[in-house]
Amino acid sequence: MRGGLRRAGWLWSTLAVAVSCVLEVRGAESSEETDSDRYAWIHAVGNGGALLKSSDAGRIWAVENIGTVSDLMDVSFVDARVGVVVGANSSIYHTNNGGLKWESYNPMAEDFLVTFYGVYINGSPGPIHIVGEKGLFLKTEDGEDWSVSGISCDAQDNCEVNTGITKAQWDLSTAQNLYSVRFKDSINGLVVGDNAIVLVTSDSGESFSLRKPVDVASPALFALAMDDLGNLAVTGERGVVFHVTPTTTDASDAVTFEWKGCSKDGGCTLAVPSTATDLGRTSNDLLTCSLIEDTIIVGGVGGYIAKHIEGKWE
């Protein structure tokens, strides 16, 4: 099981995630922007309230004061202006002006201090989805009214969403930590966490179904990245990498996610569920990923970085 400090200890663990979020929307705002312009805005978070910003694809960085010394775990921007940061001690901060000013959201009770590991914003001012310790799942449409829930799954893989979970209930929970969340649209989303847990929803998080893309030695899944078509990359413990494609199977709005494992020496074609041995790109834990068209970029412990393009790793 992965601890919060382990994630926060790597300053750049969320950099690639922020890149993928910021530029899809910003690029659509002006037809005159080049590809390099679209990938210019980057935010990164880390220990002790560290927040860095670059507006030129990482050539020059500025330190931003977000107003906390809590460890920050994830950052998500919907465009160059509107973003959310989450972390330890129930930290949730948002900006509407590109980080010039940050304000806090406080959906948790004063004594309900937890670590939030992942956040995704796909509109302004929302919806915003947040995941964290022991199955916590938060959502809001506007930043004012929040739903605070706990997600737990039993031995028969049945999952329950406890909306309005209290601190006393959460303290007794044995649910898995949830590390990352992405929504393709307003209702269809994925959440990943410890022990290769994957939670799928087609009703905005009112309910979840469980799947495990790994057969044995279930690794934690740490990061999700999504492109503007809703395709996803997933990375995790011991170098595992997946490529996920959304498909609509009927006349409803529900989406089915098709999973393929990425092998060490080849492309992302392995049937799922796969074994951890098949999927191990490296022995290093992969803490972050980015998906840009058909290219998957992964990063992890020890400064490990690799790129998957046209069926090969570089």
(1) closer than 30 Å to D79 by Cβ; (2) without any contact (Cβ under 8 Å) to a residue 40 or more places away in the chain; (3) in contact with a helix residue (DSSP H, G or I) (Cβ under 9 Å, 6 or more places away or on another chain); (4) open to solvent by 40 Å² or more (accessible area, probe 1.4 Å) all hold for D294 apart from (3)
Those residues of region 139-152 that are out of contact with any helix residue (DSSP H, G or I) (no Cβ under 7 Å at 6 or more places or on another chain), part of a strand (DSSP E or B) and either open to solvent by less than 50 Å² (accessible area, probe 1.4 Å) or closer than 16 Å to R182 by Cα (or both) come to a total of 5
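Residues are listed down the side, and each one gets a yes or a no for (1) surrounded by fewer than 18 Cβ atoms within 10 Å (Cβ to Cβ); (2) assigned to a strand (DSSP E or B); (3) more than 18 Å from the chain's Cα centre (by Cα):
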| position | (1), (2), (3) |
| --- | --- |
| W259 | no, yes, no |
| G266 | yes, no, yes |
| R281 | no, no, yes |
| N284 | no, no, yes |
| G299 | no, yes, no |
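Select the strands (runs of 3 or more DSSP E) contained entirely in region 184-226, then report the ones holding at least 2 residues which are surrounded by 18 or more Cβ atoms within 10 Å (Cβ to Cβ) and under 17 Å from the mean Cα position of the chain (by Cα).
189-193, 198-201, 221-226
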Per the filter on region 59-83, residues surrounded by fewer than 23 Cβ atoms within 10 Å (Cβ to Cβ) and of a type in the set (S, T, Y) are T68, S70
Here the residues within region 163-181 that are open to solvent by less than 50 Å² (accessible area, probe 1.4 Å), without any contact (Cβ under 8 Å) to a residue 60 or more places away in the chain and either among the charged types (D, E, K, R) or touching a helix residue (DSSP H, G or I) at 6+ places or on another chain (Cβ under 8 Å) (or both) are W170, S173, A175
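The values are calculated or read from the model by the stated rules, or taken from the named source; none is laboratory data. Because the structure is predicted, anything quoted here is derived from the model rather than measured. Cβ sites come from the backbone with ideal geometry, for glycine too, and all protein chains shown count toward neighbours. Each accessible area value is taken on the protein alone, full model and side chains, heavy atoms only, with ligands, DNA and RNA left out. Shrake-Rupley method; radii C 1.70, N 1.55, O 1.52, S 1.80 Å.
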